């Protein structure tokens, strides 16, 4: 383990905190299912997602809460170990893992405490709507993108 890599946990905690704070604000200021128009392309719409990405298995009957929580716990442990073992020179890879970890922890916290994940950001183009998401989802997607680019085009890791 490299002690300096513990600093990346701060980024994970920052993502987790920002995610939970924005979800708290959404619950305080928005009405469930009612869109608040922000711009021509962005609404704030408070929803409860019992499924996974893009509401996958949303109506599965309840078992999916524990299934997705279990997957998230395993993923968080694997990412944490990977992040802590990375050599210092792989800072983009470490940053991407920190973003994914923070986002995963944010959604896991919701799933464990509420039974669902709070989503509230809605992007659309005319009648075409992207599924509603949150800050954690954004961090996970950004982290995954950076990780893929880092693995494809970054420095190679041989140890």
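FYI, it's all coordinate maths here, none of it is from the lab. Just so you know, these numbers come straight off a predicted model, no measurement behind them. Virtual Cβ from ideal backbone geometry, glycine too; neighbours counted across all protein chains shown.
Normalise the Debye intensity by I(0) for segment 109-159, one equal point scatterer per Cα, no solvent, then take log10 at q = 0.16, 0.29 Å⁻¹ and round to two decimals.
Once normalised to I(0) and log-transformed, intensities are -0.68, -1.06.
Can you quote the Å³ per residue value for the convex hull of the Cα atoms in segment 3-151, rounded to an integer?
So the per-residue hull volume is 119 Å³.
Could you order the peptides 100-112, 30-42 from most to least packed, using the average number of other C-beta atoms within 10 Å per residue?
100-112, 30-42
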